[in-house]
Amino acid sequence: MPAPALFLAFATGLAVGSFLNVCIYRLPRRESLAWPGSHCPQCAAPIAWYDNIPLVSYVRLAGRCRRCRARIPIRYAIVELVTGLLFAGLALLHPPGALLASRLLFGCALIVLFAIDLEHQILPNVITIPGIAAGLLFSLIAEPGWRSALLGVAIGGGIPFSIAWVYERVRGIEGLGMGDVKMLAMIGAFLGWQLTLLTLVLASLAGSMVGAAYIAAGRGARYKLPFGTFLAVGAFVAAVSGPAILSWYLSFYR
């Protein structure tokens, strides 16, 4: 890919990342995404356009509000940078078309869900449910195909729902929220059933290791981990490297 096109993809990702920050901040608070405009959450001062340039403004202002000098969380810069890298990386992996558009939309949804679940331990329906519909629509014209996508929704939603139901009946406490179930169904719609199973395996392994670390550190076995963050990472790995991982694993049985 020519360098100008790659830079354009990165710059577009930075701009989209700025909007994703709005979603991450406002969705858990049930605030409008359109009104009011960008403002400092501490002093409510409107942010001028020259202080709202993705990544550049954060660095120039040293991560502080121009008016009240309150510190702006580093998460804003990280989300913008990650989204920029996501757009550039996917543009390198996929030619322009339906699959690229699908992966970009999916990646943006994963970033929002990752950040919200990490901070608030919720996975908003306004992302997961439309995400299921979007994934199924894309599957009509791009990978993984509508059959695999439908099966992915059934498996992605069915397996964790069954596990959560059994766990709650046996232990008497909720072990997996319905937000995780809907998120896995969304992953199934975008990636198909095989990569959804891989996502669940990767997320479970990562969650088990982090959970064991929390217990070893004395945080307690009942500490609730935001499983959606692990699902987001697992889904991203599966989307990018899933076929290669599955091929490597299945080679042991040939």
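No value in this document is a laboratory result; all are computed from the given coordinates. The shown structure was predicted, so the numbers you read here are calculated from the model rather than taken from an experiment. Here Cβ is always computed from backbone atoms with ideal geometry, including for glycine, and neighbour counts include all displayed protein chains.
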Percentage, to the nearest whole number, of Cα pairs in segment 1-93 over 21 Å apart | 34
Among [x] 16.8, 52; [y] 18.8, 54; [z] 19.5, 65, the entry that matches Rg and Dmax of the Cα atoms in Å as calculated here = [z]
With label points built 7 Å along Cα→Cβ from the Cα atoms of Thr12 and Ile245, find their separation and express it in nm.
-> 2.7
Work out the charge dipole of the chain with +1 on the Cβ of Lys and Arg and -1 on the Cβ of Asp and Glu about the Cα centre, then indicate which of Asn125, Ser18, Trp193 is farthest towards its positive end.
-> Ser18
When the Cα centres of segment 1-69 and segment 111-188 are compared, how far apart do they sit, in Å?
-> 28
Among Gly89, Leu113, Ile74 the positive-end extreme of the charge dipole of the chain (Cβ point charges) | Ile74
Give the relative contact order (percent, whole number) for segment 98-254; include only Cα pairs under 8 Å separated by 6+ residues.
-> 28
Computed ³J(HN,Hα) along segment 89-95: with the Karplus parameters 6.51/-1.76/1.60, θ = phi - 60°, integer Hz and x for glycine or proline, the list is x, 5, 5, 6, 7, 10, x
Just how large is the dipole of the chain about the Cα centre, in debye to the nearest 20, putting +1 at every Lys and Arg Cβ and -1 at every Asp and Glu Cβ?
-> 600
For segment 191-202, just list the computed ³J(HN,Hα) in residue order, Karplus coefficients 6.51, -1.76 and 1.60, θ = phi - 60°, integers in Hz, with x standing in for Gly and Pro.
-> 10, x, 5, 5, 6, 5, 4, 4, 4, 5, 5, 4
Long-range amide H partners of Arg64 with built H, under 5 Å = Ile72
In whole Hz, with x marking every Gly and Pro, tabulate ³J(HN,Hα) for segment 137-154 from phi via Karplus 6.51 cos²θ - 1.76 cosθ + 1.60, θ = phi - 60°.
-> 5, 5, 5, 6, 10, 8, 4, x, x, 5, 5, 5, 5, 4, 5, x, 5, 5
Mind checking which of Phe230, Ser204, Leu136 is farthest towards the positive end of segment 98-254's charge dipole, using Cβ charges of +1 (Lys, Arg) and -1 (Asp, Glu) about the Cα centre?
-> Ser204
State the cysteines of the chain left without a partner when partners are defined as other cysteines whose beta carbon lies under 4.7 Å away.
-> Cys23, Cys108
When the helices in the chain are scored as -39500 (n - 2.57) per DSSP H run of 4 or longer and the sum is shared across all residues, what 222 nm value do you end up with, to the nearest 500 deg cm²/dmol?
-> -23500 deg cm²/dmol
